[in-house]
Amino acid sequence: MPEIKEIKKAIFPIAGLGTRFLPLSKVVSKEFFPLADKPMIQYTIDEAVAFGIKKIVFIISPGQKGILEYFKKNPKLEKILKERKNEIFLNELEKIQEISKRISFSFVVQKEPLGDGQAILLAKNMINKEPTAVFFSDDIIDSEKSCLSQLNQLFKTSQAPIIALKKISPERRLFYGLVEAEKIASRIYKIKRIIEKPSEDTTLSELTVVGRYIITPEVFEYLKKVSPAKGGEIRLSGALAKMIKDGKIVYGYEIDGEWLECGNKLSWLKSHLYLSLKHKEFGPELKKYLKTL
Ligand code: UTP
């Protein structure tokens, strides 16, 4: 019986160019765009912390200081808020510090945007041959049981790589990676083929790849040898596709919950609206406001 390994680490690649958000992404990386009253990345970090991840490795671009500043204590600002007796705002800062106490963060710089797979490979030495969660922070899942917990349910017995999947309508399929897969149990699939952003036939499959994965140490070996995709990028999906070609098992798990995609302007605006309307403090007032428009 193979040793059962638990997931304690996560990789957050956030070094992409975010071209779909230009010109704003020239100055703010998309992971720091707001969703309701928090930056996008806060949602995925919260998911990782709630799951019990102990270490996050961020892959950042050169000069991308935002994430470091976000978690660093800011004594000067705290002093001013204390002097002004701004308890509410001090509490907001304290919440971020609480996260830093529960989890350790590491940062690796990806010098060139050579693809999400190349970014993930840069974390290899910090992962130490353990299974790892991968978060693409522009995909947020609003669900009762977190997306990673759902994937982990399958990982506990399979100990093989898992891709989060979601069924979507034909019009939306053009923009996402699809998979052809064999259903083997409720919500569980064996992936047969990964189709990157299908330009022609969207009837091939209704299952879309969502940006949440569990990867095994073997995936790093495949990331080292996989050929770049069109545009010269090394993609995680390419490495997983090569594994499947070589007869390895890669599972898909059809997740439960609302998939809030935030990778382009329209989907981000929709997700922002969704989460703002669900916000405990602001939601009711926003709903009233929308009715007046
Ligand atoms: P995306 O394709 O969603 O992000 O990559 P992008 O390339 O930044 O966006 P566009 O297509 O230009 O608008 C998925 C994840 O992988 C990271 C991104 O930051 C995102 O979180 N990524 C992508 C890297 O870290 N490095 C890369 O070279 C490419």
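Short-range pairs are left out: with C-alpha atoms under 8 Å and at least six residues apart, the relative contact order of the chain is 23 percent. Mind pulling the angle between the C-alpha long axis of helix 147-158 and the longest principal axis of the chain? Nearest 10 degrees, somewhere in 0 to 90. Approximately 30 degrees, to the nearest 10. Cα convex hull, region 65-157: 158 Å³ per residue, rounded to a whole number. Eigenvalues of the alpha-carbon gyration tensor of region 190-293, scaled by 5 and square-rooted, set the equivalent ellipsoid semi-axes at 37, 15, 14 angstrom, largest first. Once both axes come from the Cα atoms, what is the angle between helix 40-51 and the longest principal axis of the chain, in degrees from 0 to 90, rounded to 10? Once rounded, one gets 70 degrees. With K and R counted +1 and D and E -1, the other residues having a Cβ less than 14 Å from that of residue 35 yield a net charge of -4. Counted by Cβ distance under 13 Å from residue 50, the other residues give a net charge of -1, where Lys and Arg count +1 and Asp and Glu count -1.
Find out how many positive minus negative residues lie around residue 214, taking Lys and Arg as positive, Asp and Glu as negative, among other residues whose Cβ is under 13 Å from that of residue 214. Spelling it out: positives minus negatives among the neighbours equals +2.
Quick one: of the DSSP bridges fully inside the chain, what percent are antiparallel, nearest 5? Intermediate results must be reported in sequence, preceding the final value.
Details: 28 of 46 bridges.
Antiparallel bridges: around 60 percent, rounded to the nearest 5.
Computed on region 33-135, with alpha-carbon pairs under 8 angstrom and 6+ residues apart, the relative contact order is 40 percent. Counting other Cβ atoms within 10 Å as a rough exposure proxy, the listed residues 40, 243, 126 run 126, 243, 40 from fewest neighbours to most.
Which whole-number percent of Cα pairs in region 1-159 have a distance greater than 23 Å? Write out the running numbers ahead of the final one.
On the way: 5466 of 12561 pairs.
Result for the distance tail: 44 percent.
Relative to the longest principal axis of the Cα atoms of the chain, the long axis of helix 236-245 lies at roughly 20 degrees.
For region 65-194, relative contact order (Cα pairs under 8 Å, six or more residues apart, normalised by length) works out to 10 percent. As a rough footprinting exposure proxy, the listed residues 19, 132 were ranked by other beta carbons within 10 Å of their own, and the order from fewest upward is 19, 132. Temperature 25 °C, viscosity 0.890 mPa s: under these conditions the Stokes-Einstein estimate for region 1-81, based on its Kirkwood radius over C-alpha pairs, is 165 µm² per second. Annotation: the residues 251, 289, sorted from fewest to most other C-beta atoms within 10 Å of their own C-beta, follow the order 289, 251.
Among the listed pairs 30/224; 30/166; 129/156, those whose Cα-Cα separation exceeds 20 Å are 30/224; 30/166.
Compute the Rg to Rh ratio over the chain from the alpha carbon atoms, using the Kirkwood formula for Rh, and round to two decimal places.
Details: Rg = 19.6 Å, Rh = 20.2 Å.
A ratio of 0.97.
No value in this document is a laboratory result; all are computed from the given coordinates. Here the structure is a predicted model, which means the values were calculated and not measured. Cβ sites come from the backbone with ideal geometry, for glycine too, and all protein chains shown count toward neighbours.
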